[in-house]
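The values are calculated or read from the model by the stated rules, or taken from the named source; none is laboratory data. The structure presented is a predicted model; accordingly, all values stated were derived computationally and were not measured. Counting neighbours? That spans all protein chains shown, and the Cβs are built from the backbone with ideal geometry, glycine included.
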Number of protein chains: 2
Amino acid sequence: MALGARPDGVRRHNRSTLLHRLHTVGPGSRTELAAELGLNRSTIKALVDELAASGLVTERSVEPNGTAGRPSLLVSPRAEALCVLAVDVAVERLTVALVGFGGRILVGRNSPARRGDTEHGVVVERVLAIAETLSLGGLRPVGAAVSVPGIVRRSDGLVHEAPNLRWSEVPLGTLLGDGLGLPVAIGNDADLGAMAEHSRGAARGVGDAVYLSADVGVGGGVITGGVPLRGSTGHVGEVGHMILRPDGRLCYCGCRGCWETEVGEQALCRALSLPEDTSRRRLVAELRGLTEEQVAADAGLAEYARWLGVGVVNLVNLLAPELVVLGGLLAEVPASLLAGVEQRARGRSLVGRAASRAVRIRPAELGAQASLLGAAELAFERVLPNS
Amino acid sequence: MALGARPDGVRRHNRSTLLHRLHTVGPGSRTELAAELGLNRSTIKALVDELAASGLVTERSVEPNGTAGRPSLLVSPRAEALCVLAVDVAVERLTVALVGFGGRILVGRNSPARRGDTEHGVVVERVLAIAETLSLGGLRPVGAAVSVPGIVRRSDGLVHEAPNLRWSEVPLGTLLGDGLGLPVAIGNDADLGAMAEHSRGAARGVGDAVYLSADVGVGGGVITGGVPLRGSTGHVGEVGHMILRPDGRLCYCGCRGCWETEVGEQALCRALSLPEDTSRRRLVAELRGLTEEQVAADAGLAEYARWLGVGVVNLVNLLAPELVVLGGLLAEVPASLLAGVEQRARGRSLVGRAASRAVRIRPAELGAQASLLGAAELAFERVLPNS
C-alpha cells in the first residue's frame, strides 16, 4: 500500500468504512452514521444512496424517540445482498455456513467428524460438497475463510502444523480456493474466536483483550488497541505453549511444562480425578454438576486454578488486557474458581496492579460458534473494502 | 479520531507522511520520495516546496548515478529547524539532549547519579536546569519525552511504579510539562529502546521484533507488524515478570520465578560466581574477558543460557518475532551462548519451527543511547503530524 493519500481514495475509504460500521455494529440512522464517521450529512446521504442503489442496504423511516420532528431514516445492511462462506474445521466436527452482510448465519451445516475423517483431502471434498448444497437456494458467496486448530501462514493459507488433525504443511487455502473458485483465507481457530468475541461477543467495544480457548489444546487470540494482534506473518498467540513449569509434563511440541499441559482438556480431567480420555460430554457434565462447596474443597481443582492463574498473570504482564475471555472448555470452569484466578491476575501482576482498569475474566458469549463467526469476519475483512 | 476521511485532510496527511519519511530514513531525491509515497511528481514538488519555504528541508542538486540527464534534487531534513528534548532517567545516570529533525543529537549532557539522587523532585529540577543550559545556543525544543525504567501510563505521563528508582505514582509528565511549558510524553525505557532500535538500529526494516534489555531488571519492547505494540494504555511488555520457574526465587513484584530473577544483573553475577552486588563495570569486564573455552566449560553460564532460552521460546511462541534484539547487559552475553539460545528458539518452539523466517538473536546497535533516542522518537511522533 502506498503511504500517501489521494483525493480519489477518500470516497472509496469512506464507503468501505461505512460498510464496516454497518456490518459490525448493525443498523444506524443517517444522523448517527454521519456523527460516528465524522462526515457531514450530504456526504453520508450520497454514500447511503450509492449503497442502496447497489442493493447492499435498505432504508426505512423510524419515529424519532419521543421527539417531534422529521422521522429519521434507518440504514440497515441487507444480509442476502452479500455473503461469505465460513468453515470451522474442528477435531470432532466440521461446520460450513453462509454468513450474510451484518454477520447473520443465513444457512449452515454442522456434521460430526468420526475418527479418521479429518484427513485433509476428505475435509476439502466435504467442504466443497456442502458449499454446493448451501448455494442451491441462490446465495453466491463472494469470499471464504476457514478456521483451523493449528499454525497457519495467513499470506497463502498454508497450514504448517495442526497436530490434533494430524496435518502438516497442508496448502489448504490453495486446495479450497481452486475448488471453490473464490479467494479463501485461513486463520487459527483461537485468533478467529478472539475476532468474533471482539466483534459480536463478550469483548465487544473492549480495546485490549485476550481470548483463551481450551479444547484438546489451548489456543489464544489477542486484541490490542482495538485490533487483532497478527504480526507480519500471522504466527502469533501460541499461548498454550508458554513454558511455565520447566520440570513439568512433556508436551507434544517437545518442551516440558507448556501451559497446555496444565490447563488443557487432559489436565482438567486429572483435576477432577477422571481418566484423561473422558469424553467431552461427560467432562462438561461433571464440571456443571459441581456444587460451590465441592469446588472449594477440591485440591485438584485448586491446583488447576493455580496454573490457570500463573499463565493469566503472565499474559497480563505481557499484554495488559482489560478483559480475558474464556472459550471452549475454559468457559465451563466453575465461576468460584475463576473469581480466584481474577483476584490473582489483579494482585499478583505488576501490570495488573498498575492498570487503571482492573482486569476482568469472563466466559465467552458465542460458544461453539466463535471460530466459525470469526472465519466469516476474516472473509468480510477482505471482501468489504471492494464491495 | 473520526473514521471517515475528508479531502482537506489529504494534504495534511501527505505532509506528515513525508516528514516522517525524511525523519526516519533520511535524505531522498524527489523521485524516490514520490515513488515511496505513491504520489505523482507535481504533488511531491508542491509538498517539498512548502517544507523548504518553512525551513524544514534543504534541497540540493546531486549528479544522477552514472546516467546522463537532469540532475535530481536531494531533499534533506534540517536538523536545527525542528528539535525535541529527550531525557533518559536511568538508575545510575541522567541524560538530557536536544535531538534534531532527522534523529541527530544536537547537544546533550550525561551526568552520573549518586545514590539518593533519583528522588523524583531532584530529577525534575535537574532536567529543567540542564534543559535551560542546552537551549542557550538558541535551539528551542517543540516537544519533549522522557524514558523511565518503570510502568507508565502514556495518556498523562503518570509513572505508576519504577521500583529501581523507588518511584510510585509520580505524575512526571505533568511536573515536567509545567516546568518546561511543553507537552511531555513519558515512556518505558525498554519500549523506547525497541522503538529506537527499530527506527535506527539492529531492527531497522524488521516487521516483528522483540527488544530485551537487562539492567538491574529486565524489560522488553515489542514491534509487531512494523509498529510498536502498546495496547490502549501503554502498559505492555513487562516480559521480565513472565513467571517461568514458579518454585524459583522471590521477585520484588511478589511472584516467584519471574524471568528477571533468572536472567537479570544479579543472575548474571551468580552465573559467573561473582557477588550479587558486583559493579556493572566489573561484570562487563568479566564477561568480555571470557574465552570461548571458558564459556563452553562453565556450568553456571550454561544454566543462565538455559533460562534465557526458555523465555525466548515463550516470546517466539507468543509473538513470532523474526528478530530478538538484546540490549543493556544482555548485549554482553558471550556470542557462543547466544548461538545456543538462538538454536533453541528455532528448534524448540512450535512457532519457531513453523515460521518461514528463522528467528535471529542479535545484540543491540545503539548501546546506552537506545532509550534516549527512543524518547526523541516518541516526542517526534507527536510533533511531526503538526509541523
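Remarks
- Among the residues of the range A:35-61, those identified as within 15 Å of A:Leu384 (Cβ to Cβ) and surrounded by 14 or more Cβ atoms within 10 Å (Cβ to Cβ) are A:Leu37, A:Leu47, A:Glu50, A:Leu51, A:Leu56, A:Val57.
- Restricted to the range A:247-270, and to residues there that are more than 17 Å from A:Asn314 (Cα to Cα) and not in a loop (DSSP other than H, G, I, E, B), the residue that is nearest to the chain's Cα centre (by Cα) is A:Glu265.
- Qualifying positions in the range B:264-314 - of a type in the set (Gly, Ala, Ser) and over 18 Å from B:Gly328 (Cα atoms): B:Ser273, B:Ala296, B:Ala297, B:Ala299, B:Gly300, B:Ala302
- Among helices (runs of 4 or more DSSP H) entirely within the range A:315-387, having at least 2 residues that are within 18 Å of the chain's Cα centre (by Cα) singles out A:370-383.
- The set of residues in the range A:221-236 being under 17 Å from A:Ala162 (Cβ atoms), crowded, with 24+ Cβ neighbours inside 10 Å and more than 7 Å from every other protein chain (Cβ to nearest Cβ) consists of A:Gly221 alone.
- Inside the range B:336-357, residues that are surrounded by fewer than 21 Cβ atoms within 10 Å (Cβ to Cβ), polar (S, T, N, Q) and either within 9 Å of another protein chain (Cβ to nearest Cβ) or touching a Leu at 6+ places or on another chain (Cβ under 7 Å) (or both) make up a count of 1.
- Listed by first and then second residue, the pairs with beta-carbon distance under 8 Å, at least 6 apart or on different chains, first residue in the range B:186-210 and assigned to a strand (DSSP E or B), second among the acidic types (Asp, Glu), are B:Ala209/B:Glu197; B:Ala209/B:Glu322.
- Qualifying positions in the range A:166-182 - of a type in the set (A, V, I, L, M) and either assigned to a strand (DSSP E or B) or outside the structural domain of A:Asp156 (by TED's automatic domain parsing) (or both): A:Val170
- A single member of A:Ser279, A:Ser273 is in contact with a helix residue (DSSP H, G or I) (Cβ under 8 Å, 6 or more places away or on another chain), farther than 19 Å from A:Leu326 by Cα, small (Gly, Ala, Ser) and more than 10 Å from chain B (Cβ to nearest Cβ), and it is A:Ser273.
- Neighbours by Cβ (under 7 Å, 6+ apart or cross-chain): first from the range B:31-47, touching a residue at least 12 places away in the same chain (Cβ under 8 Å) and more than 12 Å from chain A (Cβ to nearest Cβ); second assigned to a helix (DSSP H, G or I) and surrounded by 13 or more Cβ atoms within 10 Å (Cβ to Cβ): B:Lys45/B:Arg30
- Residue match in the range B:314-324 (condition: among the β-branched types (Val, Ile, Thr), crowded, with 23+ Cβ neighbours inside 10 Å and within 18 Å of A:Cys258 (Cβ to Cβ)): yes
- Qualifying positions in the range B:362-376 - surrounded by fewer than 24 Cβ atoms within 10 Å (Cβ to Cβ) and of a type outside the set (S, T, N, Q): B:Arg362, B:Pro363, B:Glu365, B:Leu366, B:Gly367, B:Ala368
- For A:Val218, the conditions (1) modelled with pLDDT of 90 or more; (2) out of contact with any Gly (no Cβ under 6 Å at 6 or more places or on another chain); (3) crowded, with 21+ Cβ neighbours inside 10 Å all hold with the exception of (2).
- Condition check for A:Arg93: surrounded by fewer than 20 Cβ atoms within 10 Å (Cβ to Cβ), under 21 Å from A:Pro385 (Cβ atoms) and of a type in the set (D, E, K, R): no
- Test: residue in the range A:274-288 that is touching a Phe, Trp or Tyr at 6+ places or on another chain (Cβ under 6 Å) and in a helix (DSSP H, G or I): no
Quick grid of which residues meet (1) touching a Ser or Thr at 6+ places or on another chain (Cβ under 8 Å); (2) at pLDDT 95 or above:
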{"position": "A:Arg41", "(1), (2)": "yes, no"}
{"position": "A:Lys45", "(1), (2)": "no, no"}
{"position": "A:Arg60", "(1), (2)": "yes, no"}
{"position": "A:Leu85", "(1), (2)": "no, yes"}
{"position": "A:Val122", "(1), (2)": "no, no"}
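- Remark: A:Val127 falls outside the filter, which requires a residue to be closer than 21 Å to B:Asn317 by Cβ and either in contact with an Asp or Glu (Cβ under 7 Å, 6 or more places away or on another chain) or touching a residue at least 24 places away in the same chain (Cβ under 8 Å) (or both).
- Selection count, the range B:302-335, where residues are within 10 Å of chain A (Cβ to nearest Cβ) and under 15 Å from B:Leu290 (Cβ atoms): 0
- Residue in the range B:161-171 that is crowded, with 21+ Cβ neighbours inside 10 Å and modelled with pLDDT of 95 or more present: yes
- Selected residue (criterion: surrounded by the fewest Cβ atoms within 10 Å (Cβ to Cβ)) from residues of the range B:240-269 that are facing another protein chain (nearest Cβ under 7 Å), touching a helix residue (DSSP H, G or I) at 6+ places or on another chain (Cβ under 6 Å) and more than 17 Å from A:Gly257 (Cα to Cα): B:Cys253
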